[in-house]
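Notes follow once the structure below has been shown.
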Amino acid sequence: MPKVRWLSHSCFWVETGGKKLLIDPFLTGNPLAKEKPDRLHPDYILLTHGHSDHLGDGLAIAQKTGATIVAPNELAVYCGSKGATVHPMHIGGGWDFDFGRIKLTIAHHGSGGGEDGTLYLGNPCGFLIISEGKTLYHAGDTGIFYDMKLIGEMNPIDLALLPIGDNFTMGPDDAVKATELLAPRAVIPMHYDTFGLIEQDPQAFAKNAAKTGAKIVVLEIGDEYEY
């Protein structure tokens with residue numbers, strides 16, 4: 001059975017199909033992170049966009065371990081230029097990997113990188129990860145959008161990872177509506193409390209989102225959940 005472990009912010013460790021996936025590994029410089037980058041040896045690193053709190057340690061881990069970075073094309077090309085092994089994709093595209101299938105969804109956000117945050121790194125994305133007969137949806141950094149309903153209709157979701165931090169992404173109320181649109185079996189909130197602008201009460205979100213019929217799972221940093 002696939003499982004996820006929350007490493008804080010939007011960073012998750014996923015084990016499925018006999019492989020290990022690391023999503024948005026913002027660990028160094030993250031005040032809440034407990035995991036150390038040099039202890040992680042993923043097979044794949046999935047990057048939703050180029051902001052420093054999502055690209056994070058992705059390049060360093062890929063360079064050290066040989067993990068393949070999967071990301072929107074421009075971000076993948078950038079990582080490849082730094083010596084990483086990459087698999088470029090783009091919105092709406094899917095690919096069958098040795099553990100299962102990944103498909104990219106839209107995300108309404110930005111994706112600037114580099115030292116001053118203005119380097120163009122393409123579009124942000126979300127990920128659908130289909131493996132072992134289960135579908136995981138990592139929404140990335142995004143505002144709510146009505147096509148979430150279409151995503152859920154076309155890809156019955158077992159577990160959705162949704163931002164609730166507000167200010168830069170959906171806040172709790174919009175994330176409740178996103179849960180309604182996606183109709184997943186379960187939801188884990190993410191992208192909150194890392195710094196002051198995104199402090200939220202995940203239990204309050206869980207209480208409201210549970211009214212949609214989804215199971216709401218609030219993880220502590222380092223906790224795992226099988227889906």
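The values are calculated or read from the model by the stated rules, or taken from the named source; none is laboratory data. Model, not experiment: these values are computed from the prediction. When we count neighbours, we look across all protein chains shown, and the Cβ atoms used for this are built from the backbone with ideal geometry, even at glycine.
Some notes on this structure:
- Scan of segment 94-150 for residues that are over 24 Å from PRO2 (Cβ atoms) and among the hydroxyl-bearing types (Ser, Thr, Tyr), ordered by number: SER111, THR118, TYR120, TYR146
- Reported count of residues in segment 22-34, each being over 10 Å from the mean Cα position of the chain (by Cα) and within 17 Å of ASP223 (Cβ to Cβ), is 5.
- Contact annotation: residue pairs with Cβ atoms under 8 Å, 6 or more positions apart or on different chains, pairing a residue in segment 156-169 that is more than 11 Å from LEU197 (Cβ to Cβ) and touching a residue at least 60 places away in the same chain (Cβ under 8 Å) with a partner that is among the acidic types (Asp, Glu) and crowded, with 24+ Cβ neighbours inside 10 Å, are PRO163/ASP141.
- Of all the listed residues (GLU199, GLU115), the sole one being under 26 Å from HIS90 (Cβ atoms), surrounded by fewer than 18 Cβ atoms within 10 Å (Cβ to Cβ) and over 17 Å from the mean Cα position of the chain (by Cα) is GLU115.
- One residue alone among GLY56, GLY93, GLY66 is surrounded by fewer than 22 Cβ atoms within 10 Å (Cβ to Cβ), at positive phi and of a type outside the set (Lys, Arg), and that residue is GLY66.
- Among the residues listed as THR65, THR48, THR16, the single one being more than 18 Å from the chain's Cα centre (by Cα), β-branched (Val, Ile, Thr) and closer than 25 Å to ILE130 by Cβ: THR65
- Residues satisfying the criterion are present in segment 155-167 (criterion: farther than 24 Å from GLU224 by Cα, out of contact with any Phe, Trp or Tyr (no Cβ under 7 Å at 6 or more places or on another chain) and either of a type in the set (Ser, Thr, Tyr) or surrounded by 18 or more Cβ atoms within 10 Å (Cβ to Cβ) (or both)).
- Residue in segment 78-86 that is modelled with pLDDT of 95 or more, closer than 25 Å to LEU150 by Cβ and buried (at least 16 other Cβ atoms within 10 Å of the Cβ) present: no
- Any hit, segment 72-83, residues being more than 21 Å from TYR137 (Cβ to Cβ) and either touching a residue at least 60 places away in the same chain (Cβ under 8 Å) or among the acidic types (Asp, Glu) (or both): yes
- Within segment 137-152, residues that are within 15 Å of MET170 (Cα to Cα) reach partners that are surrounded by 14 or more Cβ atoms within 10 Å (Cβ to Cβ) and among the basic types (Lys, Arg) with beta carbons closer than 8 Å, at six or more positions or on different chains, in the pairs ILE144/LYS177.
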